[in-house]
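Note sheet for the following structure.
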Amino acid sequence: MTPASTPAQEFAAFAARAAVEGLPAELRADLVARTADVLGNSLAARDAEPARVAAAVVAEWGGTGAATSLADGRRLPTPSSALVNGTLAHSLDFDDTHLPSVLHPSAVVLPAALAAAEAAGASGTAYLDAAAVGVELTCRLGMAGYDEELGNSVFFEHGQHATAICGAVGAAVAAGMLRGLDAEGLTSAIGIAASTGAGVIEANRTGGTVKRVHCGWAAHAGVAAADLARHGLTGPPTVLEGRFGFLRAFCGERFDVGHVTDALGERWETLRVFTKPYPCNHFTHAGVDAALRMRDAGVAPDRITELTLGAPAPVLRTIAEPPEEKARPRSGYHAAFSGPYTVAAALLGGGGLGLSHDDFTDAAAADPGRLALAERVRCVPDEESTAIFPRQFPAVLTVRLENGDSVTERIRENRGGPERPLSPDEVAEKFRTNAVRSIPADDVPGVVDAVRELQGGRPVTDLMDDLGARL
């Protein structure tokens, strides 16, 4: 295609064409699965405190109802729906992950796109196309801030939550496509949203529930940016690469804006997003995979005397430090960020696809048997895992048994990623175990069918009205 004058303009032109011409069936099918994942995660989180807080705040705001809240089925103003549903989508840390940018695109972009699609009366295919393009921009912005030499996201090195920061811009494009913005309007939406994305991740270290609202606030910001552009507010066309632009402001000089437009429409980062099989921090998953393999091989937890979890050096500060906190997590939420606890829970036997929400209640996190096994886990940096990270989140688990034998399992590729995708049955099981926390089991197949029918053009309002009525 003929390059536009700036990366924002080039991406906006691509998005505007996609809104008119549509996307390939493969991408639409991928977004159908991601929609089911986001809806399931959101239904499972309805009792989470951050979602209650967000719902209470938007109730005080009031306004004309245009889109469904998955917290209670009420219709809310479009930005308010995006705020509540984005908060729900991220509240249980079960949302998908793009690597190596290490961000969670769907939990931001899809709630914004669903809200905008409802308000606009859009077809399912228009929604899927807009959501795919919004996820793509989110991932590409994350990659623009990924430093190959550093082997990590510059956003994260600065303590910034790339999901919320980049996601606000992707959400703005998705919402803007559904609101009928042309290329010029979408360029402004990008420029406006770049001023609104924010998020710091200190809560991962020392507590607080604010991180679970990051995706909701970014979805809210994206919808607002699209609406501001629709009413005539403009943004700078050089907002991504400019002297005082988005990437330089967040990443200093360590960014590559080429990632935003390289092979645009030919290579899709969207198809590289990993679906989580377990409702815990993604850095813990390879350790869980290894523990489950040991359990399947007949390793008995009561015969284990020592455990060593080797992981990429950069992830240890999230899943292993401080050691005393990770060995005895203070709550079910903190347990989801603990390498020792998740390994112990998987060895002892969890629910769902290996671990489920019931393994991350406060009661489960205080279980004496799990804590006794978690206290035997020593977390160390592993050279091979560090070399692979962050294109995968690998790990190696070694256990020593009471008879002196040792058993080792090394996981190089994460379950749920492109190399080890979940089967259709596993995807359906994840949705079912999430959804039944909010709706009757007999209603689940009908919701699954309604999501699948989006690809045939069924209006988004049909899906969301039906789902809202079940809450």
Worksheet item: Can you tell me which residue in the stretch 74-93 is nearest to Val436 (Cα to Cα), limited to those that are among the small types (Gly, Ala, Ser) and modelled with pLDDT of 95 or more?
Response: Ala89
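Residue-wise test of (1) modelled with pLDDT under 95; (2) of a type in the set (Ser, Thr, Tyr).
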| position | (1), (2) |
| --- | --- |
| Ala229 | no, no |
| Thr234 | no, yes |
| Pro237 | no, no |
| Arg248 | no, no |
| Glu253 | yes, no |
| Thr275 | no, yes |
Practice prompt. Give just the number: which of (1) of a type in the set (A, V, I, L, M, F, W, C); (2) touching a strand residue (DSSP E or B) at 6+ places or on another chain (Cβ under 9 Å); (3) within 30 Å of His334 (Cβ to Cβ) does Leu92 not satisfy?
Written response: (2)
Item to complete: Identify all residues within the stretch 153-178 that are under 21 Å from Gln392 (Cβ atoms) and open to solvent by 10 Å² or more (accessible area, probe 1.4 Å); write none if there are none.
Response: Phe156, Glu157
Worksheet item: Which numbered condition trips up Glu26, out of (1) open to solvent by 20 Å² or more (accessible area, probe 1.4 Å); (2) over 30 Å from Thr261 (Cα atoms); (3) out of contact with any Gly (no Cβ under 6 Å at 6 or more places or on another chain)?
Response: (2)
Discussion item. Quick test of your reading of the structure: Arg391 fulfils all but one of (1) in contact with a strand residue (DSSP E or B) (Cβ under 9 Å, 6 or more places away or on another chain); (2) part of a loop (DSSP other than H, G, I, E, B); (3) surrounded by fewer than 16 Cβ atoms within 10 Å (Cβ to Cβ). Name the failing condition by number.
Written reply: (1)
Worksheet item: If we scan the stretch 141-152, do we find a residue that is under 19 Å from Gly222 (Cα atoms) and at pLDDT 95 or above?
Response: yes
Worksheet item: Name the pairs: first residue in the stretch 123-151 and more than 16 Å from Val102 (Cβ to Cβ) and in contact (Cβ under 8 Å) with a residue 24 or more places away in the chain, second residue open to solvent by 10 Å² or more (accessible area, probe 1.4 Å) and polar (S, T, N, Q), Cβ to Cβ under 8 Å, at least 6 apart or on different chains?
Response: Gly124/Gln455; Thr125/Gln455; Leu128/Gln455
Discussion item. Of everything in the stretch 84-101, what is open to solvent by less than 10 Å² (accessible area, probe 1.4 Å) and among the aliphatic types (A, V, I, L, M)? Give them in sequence order.
Written reply: Val84, Leu88, Ala89, Leu99
Discussion item. Among the residues that make up the stretch 238-256, is at least one of them in contact with a Gly (Cβ under 7 Å, 6 or more places away or on another chain), open to solvent by less than 30 Å² (accessible area, probe 1.4 Å), among the hydroxyl-bearing types (Ser, Thr, Tyr) and in a loop (DSSP other than H, G, I, E, B)?
Written reply: no
Discussion item. Being within 18 Å of the chain's Cα centre (by Cα), over 19 Å from Ala116 (Cα atoms) and among the polar types (S, T, N, Q) is true for just one of Ser91, Ser42. Which residue is that?
Written reply: Ser91
Worksheet item: Looking at the stretch 334-368, which of its residues are among the aromatic types (Phe, Trp, Tyr) and either crowded, with 24+ Cβ neighbours inside 10 Å or in contact with a Phe, Trp or Tyr (Cβ under 7 Å, 6 or more places away or on another chain) (or both)?
Response: Tyr341, Phe360
Fill in: Complete set of residues in the stretch 423-454 that are open to solvent by 70 Å² or more (accessible area, probe 1.4 Å), touching a residue at least 24 places away in the same chain (Cβ under 8 Å) and over 13 Å from Ala44 (Cα atoms)
Arg452, Glu453
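Got at least one residue in the stretch 182-200 being under 18 Å from the mean Cα position of the chain (by Cα), touching a residue at least 60 places away in the same chain (Cβ under 8 Å), more than 17 Å from Ala16 (Cβ to Cβ) and not in a loop (DSSP other than H, G, I, E, B)?
So far as the stretch 182-200 goes, no, none of its residues is under 18 Å from the mean Cα position of the chain (by Cα), touching a residue at least 60 places away in the same chain (Cβ under 8 Å), more than 17 Å from Ala16 (Cβ to Cβ) and not in a loop (DSSP other than H, G, I, E, B).
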Worksheet item: With (1) open to solvent by 30 Å² or more (accessible area, probe 1.4 Å); (2) out of contact with any strand residue (DSSP E or B) (no Cβ under 6 Å at 6 or more places or on another chain); (3) under 25 Å from Ser153 (Cβ atoms) as the list, and Thr318 as the residue in question, which single condition is left unmet?
Response: (1)
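The values are calculated or read from the model by the stated rules, or taken from the named source; none is laboratory data. Small disclaimer: the values here were computed from a predicted structure and weren't measured. Counting neighbours? That spans all protein chains shown, and the Cβs are built from the backbone with ideal geometry, glycine included. Accessible surface areas use protein heavy atoms only, side chains included; no ligands, DNA or RNA. Shrake-Rupley method; radii C 1.70, N 1.55, O 1.52, S 1.80 Å.
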